[in-house]
1. Please go through region 142-181 and write out the trypsin sites (Lys or Arg not before Pro) that DSSP classes as loop and that have at most 15 other C-beta atoms within 10 Å.
2. Just need the Rg to Rh number for region 75-132, please, alpha carbons only, Kirkwood Rh.
3. So what does the Cα-only Debye profile of region 190-229 read at q = 0.15, 0.32, 0.35 Å⁻¹, as log10 I(q)/I(0), no solvent term?
4. Given axes a ≥ b ≥ c from the Cα gyration tensor, I'd like to know whether region 134-267 is rounded (a/c under 1.5), prolate (a/b larger than b/c) or oblate.
5. When only DSSP loop residues count, what GluC sites (Glu not before Pro) in region 172-267 have their Cβ near at most 13 other Cβ atoms within 10 Å?
Amino acid sequence: MLLREVAAPVATARYKRVLLPRHANKNGLVYTLILTHQNQNRQPPYTLKISKTPLMIRALILDMDNTVFPTNTISDELFEPIYQLLEKHKDKVGEENIAEIRKLMSKKAWQKIAEEYEFTDELTKEGADILRETTYHKPIDPFEDYILVKELDIDKYLVTMGFTKMQWSKVKMLNIESDYKEVLVNDPETTEDTKKEVFQRLMEKYNLQPQEVLVIGDDPESEIKAGNDLQMPTVLYDRMNEYEDKHATHHIHNYSELAAIIKCYED
């Protein structure tokens with residue numbers, strides 16, 4: 001495991017063995033610097049050891065909507081009050097845009113849709129007021145292949161973006177909270193942080209390196225982009241074959257492909 005030793009006249013070390021932060025490189029190796037005193041009096045010089053260990057996937061971060069379950073199975077019922085609101089404002093929204101917005105409701109945050117379609121402040125506020133209190137109270141079925149993710153013996157974290165009450169109601173109706181070490185709802189109403197910042201905090205909290213965490217999701221512009229920006233390996237879950245392979249480290253259509261991807265980081 002030891003690669004080499006070099007003399008290092010470092011006068012700041014206070015302990016016989018000091019582990020410095022790990023550094024991972026793109027070849028899948030983690031280098032750990034270890035300072036060791038050469039005498040009992042803890043005086044310079046010290047020995048600097050560089051240890052090399054193989055990098056493995058230690059955790060998964062998953063998105064929820066369209067990654068754990070198909071949102072179109074609940075969207076019509078969940079967003080019916082919003083659809084009525086859009087009809088009420090169709091003279092300002094544009095009738096031709098309403099059909100597009102209905103499709104986007106299960107994919108994008110209300111705030112982003114409002115900005116993209118230049119909603120009035122009144123419409124944006126009315127919609128947010130409705131969605132802030134919207135919850136779902138019927139059982140939700142995950143994708144049939146989700147069981148293959150659930151059965152993986154690895155720490156999992158769920159990071160989902162949306163209104164807090166709504167997203168937590170989905171988690172409860174899916175009955176998946178116990179599948180994860182931690183569930184985080186990133187609510188655009190309460191924070192300006194993107195998933196990138198959430199991922200960073202998770203890694204700091206659980207002492208994870210970016211190359212040790214596999215990010216899984218369906219949206220190239222959300223969790224996949226966040227993972228790519230942080231140099232984390234990413235998996236685009238593309239059930240309907242909507243995207244090209246260029247967006248993520250790995251591109252899958254079924255979770256039966258996931259175990260092999262994790263294993264390839266062990267070889």
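1. Lys181
2. Working: Rg = 10.0 Å, Rh = 11.2 Å.
We get a ratio of 0.89 for region 75-132.
3. At q = 0.15, 0.32, 0.35 Å⁻¹ the computed log10 ratios are -0.34, -1.16, -1.22.
4. Judged from the Cα gyration tensor, region 134-267 comes out rounded (a/c under 1.5).
5. Working: sites: Glu177, Glu182, Glu189, Glu192, Glu197, Glu204, Glu212, Glu221, Glu223, Glu242, Glu244, Glu257, Glu266; in loops: Glu189, Glu192, Glu221, Glu242, Glu244, Glu266.
Filter output for region 172-267: Glu189, Glu192, Glu221, Glu242, Glu244, Glu266.
Throughout, read-outs are computed from the coordinates displayed, never taken from laboratory work. What you see is a predicted model, and the numbers here were worked out from it, not measured in a lab. Counting neighbours? That spans all protein chains shown, and the Cβs are built from the backbone with ideal geometry, glycine included.
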